[in-house]
1. For the chain, take the longest principal axis of its alpha carbons; what is the angle in degrees between that and the long axis of helix 168-184, to the nearest 10 within 0 to 90?
2. Where the only charges are on Cβ atoms (+1 Lys, Arg; -1 Asp, Glu), what is the dipole of region 54-125 about its Cα centre, to the nearest 20 debye?
3. Please work out how much accessible surface Lys81 shows to a 1.4 Å probe, ignoring ligands, DNA and RNA, in Å² rounded to 10.
4. Given R₀ = 30 Å, what would the calculated FRET efficiency be for Ser272 paired with Trp402, taking r from the Cβ atoms and rounding to 0.05?
5. How many nm is it between the label spots at Asn382 and Arg284, if each spot is 7 Å from the Cα in line with the beta carbon?
6. Nearest-5 percent of antiparallel DSSP beta bridges in the chain?
7. What percent does the relative contact order of region 352-460 come to when contacts are Cα pairs within less than 8 Å and at least six residues apart?
8. Quick one: what are the phi-derived ³J(HN,Hα) couplings along region 415-429, Karplus 6.51/-1.76/1.60 with θ = phi - 60°, whole Hz, x for glycine and proline?
Amino acid sequence: MGAIAALVAAPLIARPQSAQPPAQTPQPGQPGTVPPGQQPPPLEVSVTGGVSAPLPIAIPTLPAAASVATAAGSTDELGYKLAQVMTADLKNSGLFTPLGADRLKPVAFDEVAAPQFDYWGGTGAQALVQGFVRANGDGTLTVGCYLYDVSARTELARQGFVVSPADWRRAAHKCADTIYTRLTGEGPYFDSRVVYVSETGPKGRRIKRLAIMDQDGAEHRFLTNGQSIVLTPRFAPSQQSIVYMSYVDDRPRVYVYDLGSGRQRLIAENASLTFAPRFSPDGRYILFSMAVAGNTDIYRVPVAGGAAQRLTNAPGIDTGGSYSPDGSRIVFESDRSGSQQLYVMNADGSNPRRISFGGGRYATPAWSPRGDLIAFTRIAGNFRIGVMTPSGGGEKLLTDDWQDEGPTWSPNGRVLMFFRYYQGSSGRADLWSVDLTGVNLRKLPTPLDGSDPSWGPLRP
């Protein structure tokens, strides 16, 4: 992937004097204006309302400064595809009702910085996204995007990115992130990737391969060939490597896969069974579980290798560790009380305390990147995805299906991805996501079945 350079300080397009819209100052009775003496309310999207009142937003095709052939298609074609990706991102968030390029008039290049607010007010859109595509002399592309409040006739944000033609989709995701962040006040998450286990074959003989894709399912590729079963992949904070469990020679052990070279290495050379790995937030350690003499405890080992440090020391099974964002605490699951429950301890293993007390069992905890919540799987008849505070309060279940498990957080801590097994003998599983309202539930597109997702950090 090529680097993406952001252009934020200077104007992307100078507003041409001849292209000023005829009603730059709102007039009484015009579409999209407010009565004299009144100010339009600030344009914002409530992230607590879910899909109850999504914001209408117009996203026309991005015009090209000139029609130029590139390795990713002509700039005219890219302008349409960029608008389509932004439309899908914002629609999938559940907070917007996009009016896509197919329903809107074309925008001339000199209108990008001078919107025709009369027209856009008549479409019913409350917000407007305009932008452009320009081919640069060095083979790169500049993608610009502007966000407007249609009623107030004001510009809310502008952003531009210089990308290689191969990275045009990333520019669209970053533009969508700019819009989402400005209108919701939440952090971005569209320009991110997911690693997961791709599955195929009959239930008793599933072929499981590591796969990676963008958060919307695009740019999909397989990382392993399926000769050994793989489970629980997790991104490194740097996004340059993945830690996972693999059954090489029918023994579960923890490996690190380097995305740049495609090489993998065993992280702990011992005869014991190791599983459930996860990186520390600073990328210096790998947390994992190891079964020794019939007892399973949580250990950590330096990424560079060395002796493993034992962090738990209680009879039973301790596993599924996940660090708090600041690295000071670890949430994990344990059956030390007689049933599978969630515990929080200090990063050195001291002061463990139980935080789950609802009916049933609790598993697969994952600490939010914002630090305010812990996601989990609750097992009580069926398997459901839920969240609670790190002290165990405010428990809320977000799904209600036969078997939902393995939550992983979006980079902004607003959305959870998980996998759903289907009833019956097929062994099928798919990836799903749900936001914290529990309302915006959707299935993610994957070429084959999918399980064990890990949502990576926002890409640089």
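The values are calculated or read from the model by the stated rules, or taken from the named source; none is laboratory data. Since the structure is predicted, the reported quantities are computational estimates derived from the model, not experimental observations. When we count neighbours, we look across all protein chains shown, and the Cβ atoms used for this are built from the backbone with ideal geometry, even at glycine. Only protein heavy atoms, including side chains, enter the accessible area calculation; ligands, DNA and RNA are left aside. Shrake-Rupley method; radii C 1.70, N 1.55, O 1.52, S 1.80 Å.
1. That works out to roughly 80 degrees.
2. Here the size comes out at about 220 debye.
3. About 70 Å², rounded to the nearest 10.
4. On the way: r = 34 Å, r/R0 = 1.13.
That gives a FRET efficiency of 0.30.
5. It works out to 4.4 nm between the two label points.
6. Working: 110 of 119 bridges.
DSSP beta bridges in the chain are roughly 90 percent antiparallel.
7. Reported as a whole number, the value is 18 percent.
8. Coupling constants for region 415-429: 10, 10, 9, 7, 10, 10, 8, 9, 5, x, 9, 6, x, 5, 9 Hz.
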